[in-house]
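First comes the structure, then the notes that go with it.
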Amino acid sequence: MGKNAKKALLSVILILSMLFTFSACATTNPNQSKSNNQTSQTTNTSDNSGKIKIGFSFDTLNLERWQHDRDYFVQRAKELGADVLVQSANSDSQTQYSQCQNLIAQGIKVLVIIPHDGSAIAPIVEEAHKAGVKVLAYDRLIMNADVDAYVSFDNEKVGELQAEAITKLVPKGNYFLLEGSPTDNNAKLFEQGQKKVLQPLVDKGDIKIVGEQWAQDWLTQNAYNIMQNALTANNNKIDAVVDANDSTALGAIRALQEQNLAGKVAISGQDADLANCQLIVEGKQSMTVYKPVKEEATKGADVAVALAKGEDINANGKVNNGKIDVPSVLLTPVAVDKNNMVDTIIKDGFHSLDEVYKNVPKDQWPKQ
Ligand code: BGC
């Protein structure tokens, strides 16, 4: 080989090895860096891996529960041989829409969406279908669209569990309803479930609903403001708060605490977030609704892969979204208070005993 030919061969080898290093970096999944509340996404856009690509659009990753959903979903999809591209819209409908378009453009087979606004996101379903992409509504329904599947919990039941627990503790008195985000269809279902239980007691005259408000984007701060105003407007004469989830319960409890009412006013929640489980064992929050997120995320990944392969999704129900009955997989929520904390959340490994009882003197910890 001549000197020039040798030089040329060396250059080719060098370029090839640089290209290889670059593509190895590009397929590293930044999710593994566990940046919890940041937008995270895989950059694996290679189509020739033969792997199924799933796009997952989160409303937000700022709440503890959605980080669990992401981790379990990605893990299960991996086991099934699929790659997941994750995007978080930071509670903004427009951002979510363009992130979904971007995911579709990256050659995904299935688009999984937790909508910020179940109506605003609806037109993406048709766009996805035109590109041959199936759409799975995850946890929250997408309204008035030809959604291919829905994986969630029985959300009306969640509301029933909340109201049942609170009415058991406070059978008579003044009730305040602190509902979730008005753009989330689930929030409406939680309210429906709560009212199913509350209405007969209102009709009997046992309880009086002194106010009801919706916390935009499920924000703790919004819930705090609402609760503070409600307490002022009612001269602190509120005996129970039916609160739709844990992030809003945190805000409401802060407002109650400022009036020395934390622990005296019954209050519900949902999600079994760590901070709220701690408040439950400290006696400041009455209950939460535990929705085994691992089960939901695992089912979600199973359904997404089944959709990608054109297989049956094993639906166990249908939920109407205003346009069609969406084939659905619905799981069962569990009411959790001080008494069954160990047998549910801790037994499942969702949180450890040490974490949950952190603020309780050790001699008062339950025997396991
Ligand atoms: C979910 C709840 C969650 C809430 C706020 C709802 O759609 O079902 O689990 O607490 O959104 O993110």
Grab every C-alpha pair in the chain, bin the distances at 10 angstrom width from 0 up to the longest one, and report whole percents. 5, 23, 29, 22, 12, 5, 2, 2, 1, 0, 0
Label points 7 Å out from Cα along the Cβ direction at Asn339 and Gln192: separation in nm? 3.0
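If packing is taken as the average number of other Cβ atoms within 10 Å across a peptide's residues, how do 65-74, 343-352, 324-333 rank, most packed first?
Details: 65-74: 20.6, 343-352: 15.8, 324-333: 17.5.
Most protected by this proxy first, the peptides run 65-74, 324-333, 343-352.
Going down the table (Lys208/Lys318; Lys196/Lys318; Lys196/Lys367), which pairs top 29 Å between alpha carbons?
Numbers: Lys208/Lys318 35 Å; Lys196/Lys318 21 Å; Lys196/Lys367 37 Å.
The pairs that break the limit, which is 29 Å between Cα atoms, are Lys208/Lys318; Lys196/Lys367.
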With +1 on each Lys and Arg Cβ and -1 on each Asp and Glu Cβ, and nothing else charged, work out how big the dipole of segment 102-238 is about its Cα centre, in Debye to the nearest 20. 380
Name the residues whose placed amide hydrogens come within less than 5 Å of the amide hydrogen of Ala145, ignoring near sequence neighbours (fewer than 5 apart) on the same chain. Lys323, Ile324
Through the Karplus equation 6.51 cos²θ - 1.76 cosθ + 1.60, θ set to phi - 60°, convert the phi angles of segment 291-300 into ³J(HN,Hα) values in whole Hz; use x for Gly and Pro. 10, x, 5, 4, 5, 5, 5, 5, 4, x
Kirkwood-type radius of segment 253-311, with distances r between different C-alpha atoms, in Å: 13.6
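Report the charge-dipole magnitude of segment 207-351 in Debye, nearest 20, computed about the Cα centre from +1 at each Lys and Arg Cβ and -1 at each Asp and Glu Cβ. Could the numbers behind the result be given before it?
Values: 13 positive and 18 negative charges, 60 e Å.
Using Cβ point charges on Lys, Arg, Asp and Glu, segment 207-351 gives about 280 debye.
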Heads up, segment 152-287 by the C-alpha gyration tensor (a ≥ b ≥ c square roots of eigenvalues; a/c under 1.5 rounded, else a/b over b/c prolate, else oblate) looks rounded
Which residues qualify? For Ile207, with a placed amide H closer than 5 Å and at least 5 residues away or on another chain, they are Gly173, Val202
Restricting everything to alpha-carbon atoms, can you work out Rg to Rh for segment 94-173 with a Kirkwood hydrodynamic radius? 1.20
Determine, from the Cβ-Cβ distance of Glu295 and Thr232 and an R0 of 41 Å, the FRET efficiency 1/(1 + (r/R0)^6), rounded to the nearest 0.05. 0.50
Hey, what does the equivalent ellipsoid look like for segment 236-368, semi-axes from the Cα gyration tensor as sqrt of 5 times each eigenvalue, largest first, whole Å? 34, 20, 10
Under 5 Å between amide H atoms, partner at least 5 residues away or on a different chain: which partners does Leu85 have, H built in plane at 1.01 Å? Ile54, Gly55, Phe56
Specify which residue in the list Gln285, Val303, Ser328 is farthest towards the positive end of the charge dipole of segment 237-368, using unit charges on the beta carbon of Lys, Arg (+1) and Asp, Glu (-1), about the Cα centre. Gln285
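Regarding segment 79-235, what's the average projected area of the Cα-atom convex hull, expressed in nm²? Intermediate values should be presented prior to the final figure.
Numbers: hull surface 45.6 nm².
About 11.4 nm², averaged over all directions.
Using alpha-carbon pairs under 8 Å, 6+ residues apart, how would you state the relative contact order of the chain in percent?
Numbers: 734 pairs, mean separation 56.1, N = 368.
Relative contact order here is 15 percent.
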Expected vector for segment 207-224, Karplus 3J(HN,Hα) from phi with 6.51, -1.76, 1.60 and θ = phi - 60°, integer Hz, x for Gly and Pro, equals 10, 10, 8, 8, x, 8, 9, 10, 8, 3, 6, 6, 7, 4, 5, 5, 5, 4
Here the percent of antiparallel bridges among DSSP beta bridges lying wholly in the chain, to the nearest 5, is 15
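Laboratory data are not the source of any read-out in this text; all were calculated from the coordinates shown. Bear in mind that the values here come from a model prediction, so they are computed numbers and not experimental data. As a convention, Cβ positions derive from the backbone with ideal geometry for all residues, glycine included, and neighbour counts pool all protein chains shown.
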